[in-house]
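Novice: One structure is given below, represented as structure tokens, and several questions about it will come after.
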There are 4 protein chains.
Amino acid sequence: MTVAGEMLRTYPADLGGIDRDALVRCIDECLSCAQACTACADACLSESDDHLPMLRKCIRSCEDCADICSVTARVVSRHTGYDANITRSVLQTCAAVCRACGDECERHAAMHEHCRVCAEACRRCQQACEELINDLG
Amino acid sequence: MTVAGEMLRTYPADLGGIDRDALVRCIDECLSCAQACTACADACLSESDDHLPMLRKCIRSCEDCADICSVTARVVSRHTGYDANITRSVLQTCAAVCRACGDECERHAAMHEHCRVCAEACRRCQQACEELINDLG
Amino acid sequence: MTVAGEMLRTYPADLGGIDRDALVRCIDECLSCAQACTACADACLSESDDHLPMLRKCIRSCEDCADICSVTARVVSRHTGYDANITRSVLQTCAAVCRACGDECERHAAMHEHCRVCAEACRRCQQACEELINDLG
Amino acid sequence: MTVAGEMLRTYPADLGGIDRDALVRCIDECLSCAQACTACADACLSESDDHLPMLRKCIRSCEDCADICSVTARVVSRHTGYDANITRSVLQTCAAVCRACGDECERHAAMHEHCRVCAEACRRCQQACEELINDLG
């Protein structure tokens with residue numbers, strides 16, 4: 001069990017009817033995706049002078065995606081004073097930025113392996129956010 | 001002129017038709033609101049044993065709002081590889097969390113002055129986000 | 001292999017003589033500790049009115065620790081334009097805040113299981129940061 | 001008075017002997033520097049194909065500096081359960097990264113005005129952190 005699962009298990013108050021597996025998966029994928037995007041932006045920055053100019057949009061997408069995934073992991077890790085509308089809005093934004101960043105990274109996946117690994121992290125995170133949104137009803 | 005205004009003025013590429021005043025105001029209000037919310041959560045935590053239990057939801061709202069306002073300031077400070085859908089989604093989430101946090105802080109404004117100051121920062125930030133959303137079309 | 005390991009493996013430029021296992025462990029522990037601290041601050045906030053006032057310092061320590069661990073994970077995930085002095089300073093601060101937060105959480109570990117789980121995450125993160133500092137020379 | 005000053009004025013508990021002006025200045029300079037660095041990294045990314053490769057290290061320094069300044073603003077905005085050792089360590093790391101980022105931006109200041117504006121924000125933030133460190137004793 002990941003730390004996110006352990007922390008959820010030890011939460012002292014009522015969690016409502018939330019799907020705990022979907023929640024833990026979403027937190028863990030947000031953390032992984034944030035890390036992948038930070039590292040992918042940095043890896044793009046180290047590509048050759050020939051390739052760097054084509055990676056501008058990829059770097060920018062990765063920076064946005066890293067920021068939003070980090071914050072999404074935080075928001076869905078909090079349960080006190082839960083507000084379903086805020087949670088849903090944050091998850092929708094996170095899914096949208098993961099889709100856009102996954103699309104952009106995929107364009108460079110055949111050329112740059114870090115973009116391929118990052119695109120896969122974005123896809124998993126997008127899916128985990130969407131599953132949690134569905135679970136919120 | 002704030003630093004955000006100076007940085008926007010020196011951006012080397014085309015910014016499209018964006019309303020620069022609305023953009024700078026949004027960045028500055030996001031930064032102020034993030035700081036106010038971090039400080040308000042901490043001030044709530046220092047209230048007396050009698051008041052602290054009533055401030056649980058306020059602390060949690062302030063933490064979410066600080067996180068989301070910080071990230072919104074970052075996203076709208078970037079212009080390279082601009083994606084209007086992402087910007088709009090982030091701004092809508094930010095406006096929603098500012099509204100919720102402003103409402104919660106307002107409930108305690110008569111009793112705790114830090115909640116009153118923070119609620120005002122949330123209102124200004126919500127409004128600045130909404131104006132920038134309108135400007136995006 | 002975690003995503004951090006995959007991203008490190010696909011970095012396109014020279015990484016110098018860094019111990020890759022120590023680096024990946026540090027990134028992964030920083031991410032886990034940041035999540036544990038965010039969740040522990042929130043779990044503390046949901047404790048009973050009797051216990052909440054004793055948890056003020058724990059909540060505050062957890063918030064600092066979450067913030068610093070998140071940023072440390074980012075800084076050590078970047079390799080372009082590497083500056084050993086900055087990396088060392090960030091890791092030292094992270095180890096210090098993990099020690100302080102681990103100590104504070106440990107005080108409440110017998111009473112609150114989330115504090116016990118969080119203290120363990122802080123200890124592992126402190127150790128991973130210290131090992132990476134030693135590796136930097 | 002900035003929002004940081006208003007929030008400090010309304011803090012409900014004892015602040016110890018801290019120099020409030022130095023504290024508010026430090027918070028405000030950290031927020032400005034974080035914004036300048038986020039915007040400067042993005043502006044560098046939009047420079048011409050000829051200049052972009054020379055700006056790799058500048059982009060990376062700006063990203064680290066933005067992250068650390070944001071977190072420093074948060075840590076020094078909290079007063080509950082104050083720990084002088086943590087505060088000092090965070091401020092020292094922030095001053096170090098502002099010095100390094102200011103140096104790097106200065107190298108490009110004659111060519112790129114956004115680097116000049118950002119270097120000045122880094123200098124002011126470094127100085128504000130150092131003054132607060134001195135004040136902590």
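The values are calculated or read from the model by the stated rules, or taken from the named source; none is laboratory data. This one's a predicted model, so the numbers in the text were calculated from it and none came from an experiment. All Cβ positions, even for glycine, are placed from backbone atoms using ideal geometry, and neighbour counts span all protein chains on display.
Novice: Given the criteria within 17 Å of residue B:131 (Cα to Cα), out of contact with any Leu (no Cβ under 7 Å at 6 or more places or on another chain) and of a type in the set (A, V, I, L, M), does residue B:95 qualify?
Specialist: Yes; evaluated as a whole, the condition is true for this residue.
Novice: For the list (1) buried (at least 17 other Cβ atoms within 10 Å of the Cβ); (2) under 20 Å from residue A:90 (Cβ atoms); (3) touching a residue at least 24 places away in the same chain (Cβ under 8 Å), I need the number of the one condition that residue B:84 fails.
Specialist: For residue B:84, the exception is condition (1).
Novice: If we scan the stretch C:15-22, do we find a residue that is farther than 30 Å from residue A:47 by Cβ and modelled with pLDDT of 95 or more?
Specialist: no
Novice: Also, quick follow-up: Within the stretch B:116-137, how many residues turn out to be buried (at least 24 other Cβ atoms within 10 Å of the Cβ) and within 22 Å of residue D:78 (Cα to Cα)?
Specialist: So the count comes out to 4.
Novice: Next question, about the same structure. Condition first: in contact (Cβ under 8 Å) with a residue 24 or more places away in the chain and under 24 Å from residue D:70 (Cβ atoms). Now tell me which residues in the stretch A:68-79 satisfy that.
Specialist: Those that are in contact (Cβ under 8 Å) with a residue 24 or more places away in the chain and under 24 Å from residue D:70 (Cβ atoms): A:68, A:69, A:70, A:72, A:73, A:76, A:77.
Novice: Let me ask something else. Pairs, please: C-beta under 9 Å, at least 6 apart or cross-chain, first residue more than 7 Å from chain B (Cβ to nearest Cβ) and in the stretch D:3-16, second charged (D, E, K, R)?
Specialist: D:5/D:20; D:5/D:21; D:5/D:28; D:8/D:20; D:9/B:113; D:9/D:20
Novice: Can I ask one more? Specify which of the listed residues (B:47, B:29) is in contact with a Lys or Arg (Cβ under 6 Å, 6 or more places away or on another chain), touching a residue at least 60 places away in the same chain (Cβ under 8 Å) and acidic (Asp, Glu).
Specialist: It is B:29.
Novice: Based on what the data block shows, is residue C:6 closer than 18 Å to residue A:46 by Cβ and assigned to a helix (DSSP H, G or I)?
Specialist: Against the criterion (closer than 18 Å to residue A:46 by Cβ and assigned to a helix (DSSP H, G or I)), residue C:6 qualifies.
Novice: How many of the residues in the stretch C:87-111 are crowded, with 22+ Cβ neighbours inside 10 Å and touching a residue at least 40 places away in the same chain (Cβ under 8 Å)?
Specialist: Here the count works out to 7.
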